[in-house]
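Visitor: Below you'll find the structure I mean.
The values are calculated or read from the model by the stated rules, or taken from the named source; none is laboratory data. Everything numeric in this text was worked out from a predicted model, so none of it was measured. Note that we place each Cβ from the backbone using ideal geometry, even for glycine, and neighbour counts take in every protein chain shown. Just so you know, the surface numbers come from the protein's heavy atoms only, side chains and all, with ligands and any DNA or RNA stripped out. Shrake-Rupley method; radii C 1.70, N 1.55, O 1.52, S 1.80 Å.
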Amino acid sequence: MGFSLGVSGVKTSSEAFLRLQSRLTQRDRTLLNWLYDHQVLTTAQITSALFPSPRSAQQRLLELMEMKLVDRFRANRPGGGTYPWSYVIAHTGAVMIAARRGLQPPRPAETALARARIATSTQLDHTLGVNTFFTDLAGYARRNPPAELMYWEPTMYRYIHRLEPDGWGRYREPGHDLRFWLEYDTGTEP
């Protein structure tokens, strides 16, 4: 008996799905969770947070694309030029994360619409700025154990005392345990 992952309308057996999961590292799972939660990350952000070099990041990202777990786009910048390659969760990756979290899996059209919204968003600079802060912090912690970014969550659905921060996190290193909200200001708000 198979179930649909929504990849090109093909039914995939649960055995094939489990084989796909068995090819993932903990780093891959972290990346997929981040993409599910934070929408978009650039190659540089992913490299900083999770990989020892750009080459190893690029190679693994291409493998994850071949597995149809991540997708990428290169959006045009307002005023000319393009953004760097930006990675989003692909439909198979979104189904996998939703299953692990006990959530209703998205339909293929929902995943495609989310990708289009991210790629054309007027807030892309802001989203990438917020994500840069956290990926830089995660990268610093990775290179300086036992420091650790304990969690990083978007706050688009959390309002704390009428505050609407862009993210919240918990960072820990010996002698320090910091819980914080992040407001990323691009100079567009009064």
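Visitor: If we count every other residue with Cβ under 14 angstrom of Ala57's Cβ, Lys/Arg +1 and Asp/Glu -1, where does the sum land?
Guide: +3
Visitor: Considering amide H positions built from the backbone, and no H for Pro or chain starts, which residues 5 or more places from Trp168, or on another chain, come under 5 Å of its amide H?
Guide: Amide H neighbours of Trp168: Glu153, Thr155, Leu182.
Visitor: Also, I was wondering about something else. What 222 nm value per residue comes from the helices of the chain, counting each DSSP H run with n ≥ 4 as -39,500 (n - 2.57) and dividing by all residues, nearest 500 deg cm²/dmol?
Guide: Rounded to the nearest 500, it is -14500 deg cm²/dmol.
Visitor: Right, another one. What's the local net charge at Ala109, with K and R +1, D and E -1, over the other residues with C-beta under 14 Å away?
Guide: Taking every other residue near Ala109 into account, the sum is +2.
Visitor: Right, here's the next one. Pull out a ≥ b ≥ c, the square roots of the eigenvalues of the alpha-carbon gyration tensor of the range 73-117, then state rounded if a/c is under 1.5, prolate if not and a/b is larger than b/c, and oblate in the remaining case.
Guide: Prolate, because a/c is 1.5 or more and a/b exceeds b/c.
Visitor: While we're looking at this one, here's another question. For the range 35-52 and the range 85-161, what is the separation of their Cα centres, given in Å?
Guide: Using only Cα atoms, the two centres lie 9 Å from each other.
Visitor: In the range 163-178, whose amide N lies under 19 Å from the spot 7 Å out along Cα-to-Cβ of Asn144? List them in ranges.
Guide: Taking a point 7 Å out along Cα→Cβ of Asn144, the residues of the range 163-178 whose backbone N falls under 19 Å are 169-178.
Visitor: State the label only: which of (1) 13.7; (2) 14.6; (3) 12.9 corresponds to mean projected area of the Cα convex hull in nm² computed from the shown model?
Guide: Correct label, based on the coordinates given: (3).
Visitor: So, one more: What does the accessible area per residue of the range 47-186 come to in Å², with a 1.4 Å probe and no ligands, DNA or RNA counted?
Guide: 60 Å²
Visitor: Rounded to the nearest 0.05, what FRET efficiency is calculated for Arg74 and Leu113 with R0 set to 22 Å and r the Cβ-Cβ distance?
Guide: FRET efficiency, Arg74 to Leu113: 0.70.
Visitor: Applying a 10 Å radius around every beta-carbon, put 37-49, 85-97 in order of their mean neighbour count, most first.
Guide: The most tightly packed comes first, giving 85-97, 37-49.
Visitor: How many nm separate the modelled label positions at Ala99 and Ser14, each set 7 Å beyond the Cα in the direction of the Cβ?
Guide: Rounded to a tenth, the inter-label distance reads 0.9 nm.
Visitor: In percent, what relative contact order does the range 1-136 have, based on Cα pairs under 8 Å that are 6 or more apart in sequence?
Guide: Once divided by the residue count of the range 1-136, the mean separation gives 26 percent.
Visitor: Could you look at the chain and say what percent of its accessible area is carbon and sulfur, using a 1.4 Å probe and all protein chains?
Guide: Solvent-exposed carbon and sulfur of the chain make up 53 percent of the total.
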